[in-house]
């Protein structure tokens, strides 16, 4: 990792989330640092930020000076996050209602607020930087969706949505809730979102571009680490409570693997290309290392 990336992951506010992917102790399966649901809620209160405080004036100049092919390539990452944040915000309601304890439900309410703020962050960035032609949120979501690949829709619109729809019909179906949180917190947020954020932020920091976006995206990444920490704690408790939940986690990871890998690969990718300064293989390795650490803490992977 570059110095900027190392400094970011070692920041006190990132470390405060106790996301196992940020902790070397997770290689040994050490789960003693996982926050309780109450502690995660309290951390959310301390880590508030406002999209309206971000200054995108330099970002607008930077974007105008990017070559057209660079703008096109950047749009895949931006679109995946913009559409992804909107989709997961819609899916959290049934998951929150299906959570078995009030402490879990209260934290998931904060996550709904976070995801809505993330959508607002991207919408304001698009608006003030002039990235899209559309002039409102709904039309921007439609316009930017053209940059996604079919695997994105498979993961979000088929795998996640089908489980959330089941929860809406039967909130007491804990096995489906385990599958949904595995998809949402471990795969979509933990493997895909945080991997993309890591390399996109590092690339812009190293090149001195889009400073307002970098500031906001760091806040988004910190939120995601807090969400994933919730998922790790929940899945660890469920895996310890019943082997069928442990099997549901493993089954869901295997089922979603090809689609998740497809989301990491832009539709215009050609063998040997770099993505934000790194190879596709490096991107995959980063995502899998993060998942491995979380699975060790959950208790479903061999420890070092």
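Annotations
- Condition check for residue 157: at pLDDT below 95 and either on the phi < 0 side of the Ramachandran plot or surrounded by fewer than 20 Cβ atoms within 10 Å (Cβ to Cβ) (or both): yes
- Tally, over segment 235-263, of residues that are in contact with a helix residue (DSSP H, G or I) (Cβ under 6 Å, 6 or more places away or on another chain) and either in contact (Cβ under 8 Å) with a residue 60 or more places away in the chain or outside any helix (DSSP H, G or I) (or both): 13
- Candidates are the residues of segment 49-59 that are part of a helix (DSSP H, G or I) and under 25 Å from the mean Cα position of the chain (by Cα); the one that is farthest from residue 222 (Cα to Cα) is 59.
- Restricting segment 27-42 to residues that are surrounded by fewer than 15 Cβ atoms within 10 Å (Cβ to Cβ) and at pLDDT 90 or above, the residue that is nearest to residue 204 (Cα to Cα): 42
One line per residue, one yes/no per condition, for (1) exposed (fewer than 15 other Cβ atoms within 10 Å of the Cβ); (2) in a helix (DSSP H, G or I); (3) over 18 Å from the mean Cα position of the chain (by Cα):
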{"position": "88", "(1), (2), (3)": "no, yes, no"}
{"position": "108", "(1), (2), (3)": "no, yes, no"}
{"position": "118", "(1), (2), (3)": "no, yes, no"}
{"position": "122", "(1), (2), (3)": "no, yes, no"}
{"position": "127", "(1), (2), (3)": "no, yes, yes"}
{"position": "133", "(1), (2), (3)": "yes, no, yes"}
{"position": "140", "(1), (2), (3)": "no, yes, yes"}
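Residue-wise test of (1) within 19 Å of residue 160 (Cβ to Cβ); (2) without any contact (Cβ under 8 Å) to a residue 60 or more places away in the chain.
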residue	(1), (2)
36	no, no
49	no, no
57	no, no
62	no, no
65	no, yes
88	yes, no
95	yes, no
99	yes, no
114	yes, no
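- Lone qualifier among 32, 17 - being closer than 26 Å to residue 290 by Cβ and more than 22 Å from the chain's Cα centre (by Cα): 32
- Boolean, residue 95 is assigned to a helix (DSSP H, G or I) and closer than 30 Å to residue 274 by Cβ: no
- Search result, residues across segment 153-186 that are more than 14 Å from residue 252 (Cα to Cα), touching a helix residue (DSSP H, G or I) at 6+ places or on another chain (Cβ under 7 Å) and free of Cβ contacts under 8 Å to residues at least 40 places away in the same chain: 166
- Of the candidates 61, 45, 24, the single residue that is surrounded by fewer than 18 Cβ atoms within 10 Å (Cβ to Cβ), more than 30 Å from residue 209 (Cβ to Cβ) and either at pLDDT 90 or above or in contact with a strand residue (DSSP E or B) (Cβ under 6 Å, 6 or more places away or on another chain) (or both) is 45.
- Filter result for residue 264 (closer than 22 Å to residue 292 by Cβ, surrounded by fewer than 22 Cβ atoms within 10 Å (Cβ to Cβ) and in contact with a strand residue (DSSP E or B) (Cβ under 9 Å, 6 or more places away or on another chain)): yes
- Some residue of segment 28-48 being more than 30 Å from residue 300 (Cα to Cα) and part of a helix (DSSP H, G or I): yes
The values are calculated or read from the model by the stated rules, or taken from the named source; none is laboratory data. What you see is a predicted model, and the numbers here were worked out from it, not measured in a lab. Backbone-built Cβ (ideal geometry, glycine too); neighbour counts: all protein chains shown.
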